[in-house]
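The values are calculated or read from the model by the stated rules, or taken from the named source; none is laboratory data. It should be emphasised that the depicted structure is a prediction, and the values quoted were computed from it without experimental measurement. With ligands, DNA and RNA removed, areas are computed over all heavy atoms of the protein, side chains included. Shrake-Rupley method; radii C 1.70, N 1.55, O 1.52, S 1.80 Å.
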Amino acid sequence: MANIIGAIASSHTPTIGFALDTGKQQDPAWAPIFKAYEPVRQWLSEKKPDVILMIYNDHVTSFFFDHYSAFALGIGDSWRVADEGGGARALPPVDGHPALSRHIGASLMADEFDMSFFQDKGLDHGCFSPLSILWPNTPSWPGAIVPLQVGVLQFPVPSARRCYKLGNALRRAIESYPDDIKVVLVATGGLSHQVHGERAGFNNTPWDHEFLNLIENDPESLTNMTHADFARLGGFESAEVIMWLIMRGAMSSHIKCLHKDYYLPSMTGIAVALYENDATASETITARAREEHMNHMNHQLAGIEKLPGTYPFSLETSVRTYRINQYLHQLVEPEFRVRFLGDAESTFEEAGLTEVERKMITERDWRAMIHYGVIFFLLEKLGAVVGVSNLHIYAAMRGESLDTFRQTRNAPGALYSVAGKVDKDLAWNSEIRK
């Protein structure tokens with residue numbers, strides 16, 4: 001099974017990445033940062049984890065307020081550095097671990113955490129600022145990451161207690177994963193700081209040290225605090241330290257602190273701490289408990305395989321067929337529709353579609369695309385663009401002629417499409433008007 005071998009808590013201020021990229025390791029103002037992280041880097045070098053689960057928040061870089069989620073789990077196979085306004089940092093992409101991500105996602109959903117899932121997004125300093133000082137990255141990173149993005153910027157946001165409970169569920173998810181891999185949790189954010197308004201620059205070093213003690217020895221007391229409590233004590237933006245409670249909830253009730261350091265150079269209290277479990281036998285998941293949890297995870301789709309011609313669009317499918325689904329999704333853009341209808345081959349080339357994918361689209365092989373993993377709601381968009389009704393697509397998926405399929409409907413003459421503007425000269429549209 002997967003094993004959580006330890007956890008790291010770290011600030012994610014861009015100060016860290018800036019100091020690293022500009023070679024400030026020996027500068028008196030910046031050197032304490034690098035000294036504080038060295039024992040943790042050494043521990044990671046010795047332990048060689050396969051996966052780091054990064055608990056972070058985006059800073060309105062890749063996640064905007066057109067769709068803002070409380071908990072978003074990254075399920076992609078690669079993660080690049082996001083451009084935050086002045087060009088992306090010169091760091092290579094880091095591998096994802098889609099299989100572990102899918103397992104965690106299914107487990108958390110089964111435990112009634114309503115997750116959202118993302119891929120193909122850049123990760124900003126919330127993730128890469130601490131990661132770049134914890135792990136070497138030349139010529140490549142030594143392992144994979146699973147990013148867990150927590151929406152802490154637009155209120156209401158998850159409570160401290162909800163984050164702690166998510167950590168409890170996260171431990172069940174990781175320890176029930178069947179492959180023998182080593183996982184490290186990294187919780188990012190804080191400590192005391194405020195970056196907006198007349199209170200900008202607020203810090204509270206005594207509270208920072210008290211928080212470091214409580215997260216280690218009495219995390220339950222922190223779950224009783226409100227966001228206003230965290231803001232009063234540590235500055236408004238310091239409330240992001242609730243993400244540390246996700247990490248703490250995934251660890252045993254008693255932990256060993258192997259290293260801890262704190263430094264306040266400017267705007268943010270920069271802390272780093274390294275923990276290992278001090279688990280009792282009762283806290284160790286058993287083989288039977290793992291089996292029961294797997295059954296719990298799979299309960300909602302149990303027996304679905306017995307339904308012929310039924311293909312759930314799963315996280316695995318989403319990652320595996322992301323390229324072709326992303327390509328077809330562009331059909332909602334008027335400019336892309338014009339290009340597609342005028343010169344489809346050039347758009348195929350631009351998207352890097354395989355010959356199989358190009359052939360399915362060109363031949364309008366609706367059933368083959370469903371079998372391949374294209375979600376139906378993109379097929380109906382393709383149908384709308386090329387002038388094919390939804391019923392044409394339904395019939396083709398069943399291997400029937402349109403006339404045969406229509407006779408199975410209560411209103412055989414009802415043809416329709418999702419197109420907002422339907423050409424009156426389309427042959428199938430003329431049948432609607434009969």
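General observations
- Alpha carbon centroid spacing (whole Å) that separates the stretch 43-76 from the stretch 99-116: 14 Å
- Summed over qualifying helices (DSSP H, 4 residues or more, each -39500 (n - 2.57)) and divided by its residue number, the chain shows a 222 nm mean residue ellipticity of -12500 deg cm²/dmol.
- Residue-level accessible surface for residue 256, protein heavy atoms, 1.4 Å, Å²: 90 Å²
- Cross-link table 121/359; 381/421; 35/260; 359/381; 182/256; 47/256, entries beyond 21 Å C-alpha to C-alpha: 121/359
- Rolling a 1.4 Å probe across all protein chains gives residue 243 an accessible area of roughly 0 Å².
- Once you divide the Cα radius of gyration of the chain by 2.2 N^0.38 Å, the number left is 1.15.
- Residues considered: 72, 169, 351. Largest GNM mean-square fluctuation over the chain, using C-alpha springs under 10 Å, is found at 351.
- Rounded D (µm²/s) - the stretch 146-223, Kirkwood Rh over Cα pairs, Stokes-Einstein at 4 °C, 1.567 mPa s: 85 µm²/s
- For the stretch 265-350, the equivalent ellipsoid derived from the Cα gyration tensor has semi-axes of 44, 30, 10 Å, listed largest first.
- Note on the stretch 1-151: Cα-Cα pairs beyond 29 Å make up 16% of the total pair count.
- Distance from the C-alpha centroid of the stretch 304-353 to that of the stretch 238-303: 37 Å, rounded to the whole angstrom.
- Accessible surface of residue 153 - all protein chains present, 1.4 Å probe, nearest 10 Å²: 70 Å²
- Taking 163, 257 and ordering them by how much accessible surface each has at a 1.4 Å probe, largest first, produces 257, 163.
- Carbon plus sulfur fraction of accessible area for the stretch 239-372, probe 1.4 Å, in percent: 52 percent
- Relative to the 2.2 N^0.38 Å rule of thumb, the stretch 67-216 has a C-alpha radius of gyration ratio of 1.13.
- Comparing 16, 285, 375 in a Gaussian network model of the chain, where Cα atoms under 10 Å apart are tied by springs, the biggest mean-square fluctuation is seen for 285.
- Translational diffusion of the stretch 196-249 was estimated from the Stokes-Einstein equation, with Rh taken as the Kirkwood radius over Cα pairs; at 25 °C and 0.890 mPa s the coefficient is 213 µm²/s.
- Descending semi-axes in whole angstrom, ellipsoid equivalent of the stretch 218-301, from the Cα gyration tensor: 33, 18, 12
- Surface analysis of the stretch 231-297 yields an accessible area of 43 Å² per residue, using protein heavy atoms and a 1.4 Å probe.
- Dividing the alpha-carbon radius of gyration of the stretch 7-65 by the rule-of-thumb value 2.2 N^0.38 Å gives 1.35.
- The convex hull of the Cα atoms of the stretch 323-409, projected and averaged over all directions, covers 5.5 nm².
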